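To start, the structure under review is shown below, and the notes come after it.
Since every read-out is calculated from the coordinates, none of them should be taken as a lab result. Since the structure is predicted, the reported quantities are computational estimates derived from the model, not experimental observations. Note: ideal-geometry Cβ built from the backbone for every residue, glycine included; neighbour counts use all protein chains shown.
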Amino acid sequence: GRVVLIHTEVPSEFSGQGIASQLAHGTFELLRKTGRKAIPKCPFMGQFLVKNPQYSDVLAG
């Protein structure tokens, strides 16, 4: 199974606290655990994967 990641949003009052990164880590860990692959359409998730190559195994080829 593949999961298309289309949008990541954190309320503005929580901006800059690393919450989106925590969300991304959790998302990719869950995908890994369940054997699924990600198709990142969301710019944040795409950049997160560039900065965190340890999750390259969950990227759909």
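Observations on the model:
- Output for segment 8-26, where each listed residue is of a type outside the set (S, T, N, Q), surrounded by 10 or more Cβ atoms within 10 Å (Cβ to Cβ) and on the phi < 0 side of the Ramachandran plot: 10, 14, 19, 20, 23, 24, 25, 26
- Count of segment 1-42 residues which are hydrophobic (A, V, I, L, M, F, W, C) and either in a strand (DSSP E or B) or more than 19 Å from residue 59 (Cβ to Cβ) (or both): 8
- Looking only at residues of segment 27-61 that are of a type in the set (A, V, I, L, M) and either over 23 Å from residue 9 (Cβ atoms) or in contact (Cβ under 8 Å) with a residue 40 or more places away in the chain (or both), we find that the one that is surrounded by the fewest Cβ atoms within 10 Å (Cβ to Cβ) is 60.
- Per the listing 20, 60, 24, 38, the residue uniquely among the aliphatic types (A, V, I, L, M) and over 20 Å from residue 2 (Cβ atoms) is 20.
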